[in-house]
1. Say whether the condition of being modelled with pLDDT of 95 or more, under 17 Å from G16 (Cβ atoms) and under 13 Å from the mean Cα position of the chain (by Cα) is met by at least one residue in region 46-64.
2. Give me the residue from region 70-119 that is open to solvent by 30 Å² or more (accessible area, probe 1.4 Å) and aliphatic (A, V, I, L, M) and, out of that set, farthest from A41 (Cα to Cα).
3. Please find, within region 22-40, the residue that is modelled with the highest pLDDT out of those that are open to solvent by 20 Å² or more (accessible area, probe 1.4 Å) and among the basic types (K, R).
4. Name the strands (runs of 3 or more DSSP E) wholly inside region 5-116 in which the number of residues that are in contact (Cβ under 8 Å) with a residue 40 or more places away in the chain is 2 or more.
Amino acid sequence: QVQLVESGGGLVQAGGSLRLSCAASGRSTFSRYFMGWFRQAPGKEREFVARISWTGGSTYYANSVRGRFTISRDNAKNTVYLQMNSLKPEDTAVYYCAAGSSTATTDYWGQGTQVTVSS
C-alpha cells in the first residue's frame, strides 16, 4: 500500500513557474512503481500529464506540456516532482500524483493540489 501527498500548488501568473512535489509513504517499495502526474480542470475529465520509470531514466509527457514540464524522482526521498515552467492559463487544474505497477496501470492516487495560472 502506498499513500501519496502532493504539495507545491498555488497561484502564479502566466509565464511563471511552480514545482509540485509528491511524497510517498507506506510499506510498499516506492522505487518499484512508475510515477506520474495527471490533472483535472473543472468540468473536464482527468488527463495524463507525465510519467517516469522506476529509475527515472525514462520519461513521457503529454503533448500539451512537453518542453515546459519536467518530471523527476528521488527514490531515496520517496518523492516525485513536477517542475512546471512557462505556465499558461490552460494549465489551471487540480494536479494529482499517481503510482502504478506499469505504464498501463494506476494503483494509487494522491488527493490533488490546486494550480491556478492567471492571465
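The values are calculated or read from the model by the stated rules, or taken from the named source; none is laboratory data. Being a predicted model, the structure only gives us computed values, none of them experimental. Note: ideal-geometry Cβ built from the backbone for every residue, glycine included; neighbour counts use all protein chains shown. Accessible surface areas use protein heavy atoms only, side chains included; no ligands, DNA or RNA. Shrake-Rupley method; radii C 1.70, N 1.55, O 1.52, S 1.80 Å.
1. Scanning region 46-64 turns up no residue that is modelled with pLDDT of 95 or more, under 17 Å from G16 (Cβ atoms) and under 13 Å from the mean Cα position of the chain (by Cα).
2. Ranking the qualifying residues of region 70-119, first place goes to A76.
3. In this case the residue turns out to be R32.
4. 10-13, 18-25, 34-40, 47-52, 79-84, 93-100
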